[in-house]
Amino acid sequence: MGSFKVPTPSELTKFYINGEYVNASGSEVFTVINPKDGSVISEKLPVATAKDVDTAVEAAEAAFSGEWSEFTNAQRSQCLNKLASLLEEHLEDILKLDSLSSGNPVSLIPTREKAYIVNGLRYFAGWADKQAGQYMPDDDGFVKLVRHEPLGVCAAVCPFNAPIATMFFKVGPALATGNTIIVKPSEKTPFGTMAIGPLFELAGIPKGVVQVLTGAGSTGALLASHMRIRKISFTGSVPTGKKIQVAAAQSNLKRVTLELGGKSPAVVFEDANLDNALTWTVNAIMARSGQVCVAASRVYVQKSIVEKFVEGYVQKMKAAAEKMGDPSQEDTAYGPLVDKLAYERVQKMIERGKKEATLATGGGTLGKDGYFIEPTVFVNPQANAQILHDEVFGPVSVIIPFETEQEVIKKANDTEYGLMAGVFTRDVTRALRVSSKLDAGVVGVNCVSVMNVVAPFGGKKQSGLGREFSSEVLRAYTEPKTVLINMKSE
Ligand code: NAD
């Protein structure tokens, strides 16, 4: 379907603005490396300047009030479904392109990532023609109508760890509700997002509706402070999220959605299915080598089973180390960290962890060229241990024993984060009780670190602001307009 070929990294040197690849107005470029060996993939990625951002905003405004505004909701739905079909065909190659710089293993693309993204997009396509408002009767002399109207030009600023999924979980709802959107991928993983541009027009979406600009924090900051961008949806770290909220407030009070970091707890009670708890908690910290916002990096285990649990957990982490390696190989399940900076930061945290907790396994690197961190487990951390409180974003977890339900709820909630939590027990009343007390946007029962597009996703406390996924996210891209009709004007 369609004539589209996934480009090579060296062919990707331009922004995607108003339906075509265009040169940057400035000369600043950035380099992208391959984390499996530190080699340079491309040195010619363009940094968008204020002028480039203005050009994209103008095209997005023209599309918003022009052709795109004349599309019926059913047409928007058809476009998004067609886009999903085009992705069925091309997404594997696009994700492979991204894997070069993200280090995410290609083995997971056909089994997990592709379906997750395509199904997610189809889910939002389904919402496009089901937009409804409200009618309130004229009991007081006024009929009240409420319409949910699109905001206009939106911006998506994405992280490095899941560039394409993050992009489509913003583009999907933005387009389903009639907005236009400018996407900025992470400077660490820009290729897939840059390559996708032409697929939008092939899906029948008018030019200017989705555009891609590249650059690092400076370009993100230009989007966050732009006076004619009406909404910014950000996924990334807490410190950057705060900067974005400040920039949004200081410019035009643009609407802000923040999907930020986490230090998610998994709570394992003595009556839990041990195998199930071990499988979920280890997968939770090993997925993308721990570079997942919802990673369960704190595992609280009831004292009576802690010894057995640690033994099983360590065994599985050692087995995971065997499957860590070159992400381009089909038998690799876990790749390197994204870059040298992350690699050195995580190593530093591990070294400090060795002083503030007991090392149960790991604690080193894999001794390869690239940025590979050995799956690492600490136990019995000191109360103020860094490893217990700070997001690592690597394959590093900490196991903490507990005695009572009351105690573990207090400990699990003793954090500024609140993205995800898990409770493992066979007691359904305890599961419900604990899930209501855990202070997180999503709580898994007998599972953890899992996301589902049909239900709201997002963080409490400093893990974020607003929700993505589900019908909830549609309201993040619209604003209600109330129309009051005076029925007694005649
Ligand atoms: P990051 O905050 O370093 O960068 C994210 C994006 O923000 C990049 O595109 C970057 O260029 C841009 N940016 C940097 N400075 C900026 C500024 N001043 N203004 C505007 N944009 C700016 O995050 P990262 O290292 O790419 O991603 C890792 C973090 O993301 C972790 O904390 C992780 O938990 C979080 N994350 C959260 C979710 C979620 O859904 N809650 C999902 C994935 C990742």
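The values are calculated or read from the model by the stated rules, or taken from the named source; none is laboratory data. Predicted model only: the values in this text are computed from it and were never measured. Cβ: placed from backbone, ideal geometry, glycine included. Neighbour counts: every protein chain shown. Accessible surface areas use protein heavy atoms only, side chains included; no ligands, DNA or RNA. Shrake-Rupley method; radii C 1.70, N 1.55, O 1.52, S 1.80 Å.
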- Matching residues in segment 359-390 - criterion: being open to solvent by 50 Å² or more (accessible area, probe 1.4 Å), of a type outside the set (Gly, Ala, Ser), more than 16 Å from GLY103 (Cβ to Cβ) and part of a loop (DSSP other than H, G, I, E, B): ASN380, GLN382, ASN384, ASP390
- Query: Just one of VAL268, VAL299 is surrounded by 24 or more Cβ atoms within 10 Å (Cβ to Cβ), more than 22 Å from PHE457 (Cβ to Cβ) and in contact with a helix residue (DSSP H, G or I) (Cβ under 6 Å, 6 or more places away or on another chain); which is it?
  - Reply: VAL268
- Query: Are there any pairs with C-beta distances below 6 angstrom linking a residue in segment 153-176 that is over 18 Å from GLY217 (Cα atoms) to a residue that is hydroxyl-bearing (Ser, Thr, Tyr) and not in a loop (DSSP other than H, G, I, E, B), with the two at least 6 apart or on different chains, and if so which?
  - Reply: VAL153/THR180; LYS170/SER233
- Search result, residues across segment 418-445 that are assigned to a loop (DSSP other than H, G, I, E, B) and closer than 15 Å to TYR300 by Cβ: THR425, LEU438, ASP439, ALA440
- Query: Of all the helices (runs of 4 or more DSSP H) wholly in segment 160-253, which have at least 3 residues that are more than 30 Å from LYS340 (Cα to Cα)?
  - Reply: 163-176, 191-202, 238-250
- Note on the structure: Within segment 214-230, restricting to residues that are among the aliphatic types (A, V, I, L, M) and within 6 Å of the ligand (Cβ to nearest atom), the one that is nearest to SER251 (Cα to Cα) is ALA224
- ALA24 meets each of (1) within 24 Å of TYR343 (Cβ to Cβ); (2) without any contact (Cβ under 8 Å) to a residue 40 or more places away in the chain; (3) crowded, with 16+ Cβ neighbours inside 10 Å with one exception, condition (1)
- From the options ILE350, ILE400, residue that is open to solvent by less than 40 Å² (accessible area, probe 1.4 Å) and in a helix (DSSP H, G or I): ILE350
- Note on the structure: Considering residues that are open to solvent by 50 Å² or more (accessible area, probe 1.4 Å) and either at positive phi or of a type in the set (A, V, I, L, M, F, W, C) (or both), the number found within segment 105-158 is 5
- Inspect all residues belonging to segment 304-318 and state whether any of them is within 15 Å of the ligand (Cβ to nearest atom) and at pLDDT 95 or above. no
- Message: Would you confirm whether or not segment 42-57 contains a residue that is surrounded by fewer than 15 Cβ atoms within 10 Å (Cβ to Cβ) and basic (Lys, Arg)?
- Response: yes
- Residues of segment 195-223 being open to solvent by less than 10 Å² (accessible area, probe 1.4 Å) and under 19 Å from LYS51 (Cα atoms), in sequence order, are GLY208, VAL209, VAL210, GLN211, VAL212, LEU213, THR214, GLY215, THR219, GLY220, LEU223
